[in-house]
Structures are given as structure tokens and as C-alpha cells.
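> Below you will find the structure I want to go over with you.
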Amino acid sequence: MTPEPAGPRPALVWLALATVYVVWGSTYLAIRVVVDAGMPPLLSMGARFLVAAALLAVVIGVRSGWGALRVTAREAAGAGVMGVLLLLGGNGLVAIAEQTVPSGLAALLVATTPLWLAVFRYATGDRPRLISALGVLVGFAGVALLALRGGGIPGVETWGVLVVLAATLSWAVGSFVSGRLGLPGDPLVATTWEMVLGGIALVLAGAAAGEGLDLTTISADGWVAWAYLVTVGSMLGYTAYVWLLANAPISLVATYAYVNPVVAVALGALILAEPVTGIVLLGGAVVVLGVAVVVTIERPRNGPATEDEPVPAPEAVRAR
């Protein structure tokens, strides 16, 4: 008998998982630094994704040949829809909101994306398990506590909280319809086109909103954070995630959905001295509990994900 090939070493799996935990948990902090440094939220995020797309296109071209980047009209249209929903509606709105909402609080609110996806499934006739439905209710109760009190953090504007919630809804819609849009089969090619078209949408929206960019007024911290988003946030984190999907149980990979916000809160407190109030701790714990229940119940323990499962698929996490 031919021995079965050995799987990846556990150390590699945990290294990749730690990368996803820290990198995606840290992007909220980096976005806050970018907007605090004076970069316009929509224009800076648009430039971020356009540069990341160019770098990723070079990687694909060197690896597989430039022809691999060709897509059909339908695939381009699907990538455009995803770019608008995830990058403009998701990432762009979060960047706008983080002008007033601390990065940790924003991450806790964004963690509700799997809850929205579960609601969409139920609305389309997929009967939920009782414990899953309870998880959704618990998660949204935590969101209500955070949203109605602004996390108990002075200076948090209600409009900013509402904008973050709108971003989560946009992310969820994009994730829910992604399997029906006929996207390019190669996830990296699909990501590249989504970044290109979403980046263009962000730049156009920024111009329409009257955003201006004065390069001389931006601090060094802002440029470092922006470069971090381009390279580490948009490329390293997603590469680690795609590798995990192919080499680790999906139930383990899915834990990023409720670990990322915890990492974001901790980094915001340690690096930016963001306040961690009792409401943030209580509401955040309730949100994470609800998400953990939904992710655990709805996701199979092993094997590939199906297109309608509530944990964000790669299309739903490219905006991180």
C-alpha cells in the first residue's frame, strides 16, 4: 500500500492561524491610525486596495503567467459587485466611522457579520437550529448594548456606530451573494479584480464626497499604518487564510470570527490607549458569545465550506 501523504505540521497550522488572528485583528487599529494621521478615509482605502491589487497581480503573473489574470465579462461584473459591497460598503464605511469610533469597538461591531449571514439564511427558508437562533439573538443583544451606549466611551458619535453597522450589513450581503455571482475560480485572481474595482469605487466615492489629500500634512505613523494595511493586512493575512482553508479543519479556521475582535480591543487599548469600559467588556463578551455559538453550530467540524454557511467565506474577509 502507498502511504497517505502527511498533512501539514501542526506548528505550521497554528502559525498561520496566529497570523490571521493578529493581522486581521490589527487592521482596525491601523485604519484608526491612518484616519487620525489626516488621510481621507475613502481615498486612503481606495489607494490601499489599488496598490495591493497591483502587488498581487505581479505575484500571480510571476507564478502562473499574465494570462491567468484574464477574466470574462461576467466574472468582472461579479468582482465589481463584490468590490463595491465589501471594499466600498464595508471597508470604506468602517474607515469613515473610525474617525469617531475606537478601533476595538468597531471590531466588536463588525464581528456581527456571521449573525447577519445566519439571518439571511433563515429569511430564505433555511430553518435554523434552536441553539443557533438563540446565538443570533444573544449576539444582537450585545450589539444593542454597545450601540445604544456607544460602548460607554466619551466622544463616540452615534452616527459612527450606525455607519459601522451599515458596513457589517454590506459585508454580509456581499458574502451571502458571492457564490451566485460567477466570480473567477482562482481566489487570488478574484481578489485582485475585486481590489481593483473596489479601489476605483472608493476613489470615485472619495472624490464625490469632496475628500482632499495633502501629502505634506500626513505623519510618519500614518504612512507606516497605510503600508501595513497594503502589505500585511491585504496580502499576508489573506494568504494565510487561504492556506488554512486547504490545510486545516474549517471549524478551527472559523474561530477567527470571534478571536479577531478580542485581539483588536487588546491592541487598541495597549497601543492607542483606547478605553475599555465595562460596557465594552460586557457587550463585547455577549457579541463574541453569540458569534461563537452561531459559528460552532452552523459550521461543520471538518471539510470544505458550502456557499451559504454563515461564517464569512474568503470573499467576506478580503476587506480586512
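What follows is calculated from the coordinates using simple rules that are stated; it is not laboratory data. These numbers were taken from a predicted model, which means no experiment stands behind them. Here the Cβ is made from the backbone with ideal geometry for all residues, glycine too, and neighbour counts use every protein chain on show.
> Out of every Cα pair in the range 143-246, what percent are spaced more than 20 Å from each other?
The calculated P(r) of the range 143-246 puts 63 percent of pairs beyond 20 Å.
> Separate question: What is the gain in length, in nm to one decimal, between L12 and W66 on full extension, counting 0.36 nm per residue of separation less the C-alpha to C-alpha distance?
Gain in length upon complete extension: 16.4 nm.
> Rounded to whole Hz and in sequence order, give me ³J(HN,Hα) for the range 179-185 from the Karplus expression 6.51 cos²θ - 1.76 cosθ + 1.60, θ = phi - 60°, writing x for Gly and Pro.
Per-residue couplings from phi come out as x, 10, 9, x, 6, x, x Hz.
> Between T158 and L134, what is the label-to-label distance in nm when each label sits 7 Å out along the Cα-to-Cβ direction?
With each label point 7 Å from Cα toward Cβ, the separation is 3.3 nm.
> Still on this structure: So how far apart, in nm, are the two label points at L236 and Q99 if each is 7 Å from Cα heading toward Cβ?
For L236 paired with Q99, the spin-label model returns 3.0 nm.
> Quick one: if you take sqrt(5λ) for each eigenvalue of the C-alpha gyration tensor of the range 229-294, what semi-axes come out, biggest first, whole angstrom?
25, 18, 6
> How charged is the neighbourhood of V34? Take every other residue with its Cβ under 12 Å from the Cβ of V34, and add Lys/Arg as +1 and Asp/Glu as -1.
-1
> Could you calculate the contour length gain from A141 to A273, that is, 0.36 nm times the residue separation minus the distance between their Cα atoms, to one decimal place in nm?
Taking A141 through A273 to full extension adds about 44.9 nm, to one decimal.
> First select every other residue whose beta carbon is under 14 angstrom from the beta carbon of G284; then total the charges, Lys and Arg +1, Asp and Glu -1.
Taking every other residue near G284 into account, the sum is 0.
> Just the number: Rg to Rh for the range 48-96, Cα atoms, Kirkwood Rh, two decimals.
1.06
> Eigenvalues of the Cα gyration tensor times 5, then square-rooted: what semi-axes does that give for the chain, in whole angstrom, largest first?
Value: 27, 26, 19 Å, ordered largest first.
> Obtain the nm distance between the two label points defined at A208 and V177 by a simple spin-label model: each point lies 7 Å from its Cα along the Cα-to-C-beta direction.
Modelled inter-label distance: 1.6 nm.
> Let me ask something additional. What does the range 17-131 give for Rg and for Dmax, in Å, if only its C-alpha atoms count?
17.5, 49
> Moving to a separate point now. Helix check for the chain. Which DSSP H runs span at least 18 Å along their own axis by Cα, with a mean Kyte-Doolittle hydropathy no less than -1.0?
The qualifying helices are 10-36, 41-64, 130-149, 158-177, 187-208, 256-272, 278-298.
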